[in-house]
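Q: I'd like to ask you about the structure that follows.
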Amino acid sequence: MQKRSIAKIIASIAIIAGVGLIGIGATYAYFTDQASIPNNQVSTGNLDLSLDHSQGKPFNLVSICPGFVGNWEWVNLNNTGNIPMDAFVWLQKTGGSTVLYNQLMIQLAESGADHLCGTGDDVQIYNGPLGDLDQIHEVKTSDVYHHACGPNHDIGPGYHQTLCQRISLPSSAGNDVNNQSVTFTEWIDAEQGLCGVGCGGC
Ligand SMILES: [Ca+2]
């Protein structure tokens with residue numbers, strides 16, 4: 001009998017506990033509500049460089065001699081993407097005479113606001129042997145282009161930069177370059193620029 005009474009008591013406690021849990025659950029049935037902000041998006045900018053193969057590109061200089069000074073030629077670096085870019089230029093010899101390659105000289109300049117090469121507002125980028133232009137040189141842009149993207153040397157989206165170029169063969173080159181030829185590739189590297197105010201999200 002005693003065991004049965006204890007069992008009844010335990011059963012009663014269990015029922016009471018169960019009722020208590022239901023009561024607790026009901027206590028926390030608060031009102032709730034929810035709102036949302038849909039259509040969040042993240043996208044990356046488009047870095048896109050295109051070149052106008054402009055006056056004198058590629059170089060095709062035939063039968064030149066020591067003392068030769070070429071005409072100013074140029075290529076346009078177009079920012080056809082939607083973020084600012086920095087541009088860098090370098091050369092890579094692809095065949096022929098290393099002696100001639102190292103004797104040839106090249107001047108690189110940014111055209112300035114007048115878009116003309118060989119005028120007073122040109123900004124020199126490089127002046128030396130082709131053979132030493134295997135390191136990248138930044139195409140620093142003139143002030144007229146800065147305003148698009150802050151105080152950096154960026155080419156703004158929709159803008160272009162004119163890169164002026166002139167090749168010469170010094171009179172001191174001598175017979176070492178007699179009857180020689182060389183080929184090379186000109187590379188333009190583009191890199192995302194640092195943004196100023198109003199220049200997008202990069
Ligand atoms: Ca100029």
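Q: Go through (1) away from the ligand (no atom under 16 Å from the Cβ); (2) assigned to a strand (DSSP E or B) and name the single condition residue 99 misses.
A: For residue 99, the failing item is (2).
Q: Moving on. Could you list, in sequence order, all residues of the stretch 166-192 that are touching a Leu at 6+ places or on another chain (Cβ under 6 Å) and among the small types (Gly, Ala, Ser)?
A: Matches in the stretch 166-192: 190 only.
Q: Is there a residue in the stretch 147-158 that is in contact with a Phe, Trp or Tyr (Cβ under 9 Å, 6 or more places away or on another chain), at pLDDT 80 or above and over 24 Å from residue 48 (Cα atoms)?
A: No, every residue in the stretch 147-158 fails to be in contact with a Phe, Trp or Tyr (Cβ under 9 Å, 6 or more places away or on another chain), at pLDDT 80 or above and over 24 Å from residue 48 (Cα atoms).
Q: Mind checking which residues of the stretch 102-125 are within 16 Å of the ligand (Cβ to nearest atom) and assigned to a strand (DSSP E or B)? Let's see the steps before the verdict.
A: Kept after step one, since they are within 16 Å of the ligand (Cβ to nearest atom), are these residues of the stretch 102-125: 107-125.
Listed by number, the residues that qualify are 107, 108, 109, 110, 123, 124, 125.
Q: Residue check: is residue 89 under 21 Å from residue 124 (Cα atoms), among the aliphatic types (A, V, I, L, M) and modelled with pLDDT of 75 or more? Steps first, answer last, please.
A: Values: under 21 Å from residue 124 (Cα atoms): yes; among the aliphatic types (A, V, I, L, M): yes; modelled with pLDDT of 75 or more: yes.
For residue 89, the condition - under 21 Å from residue 124 (Cα atoms), among the aliphatic types (A, V, I, L, M) and modelled with pLDDT of 75 or more - is met.
The values are calculated or read from the model by the stated rules, or taken from the named source; none is laboratory data. What you are looking at is a predicted structure, and each value in this text was computed from that prediction instead of being measured. When we count neighbours, we look across all protein chains shown, and the Cβ atoms used for this are built from the backbone with ideal geometry, even at glycine.
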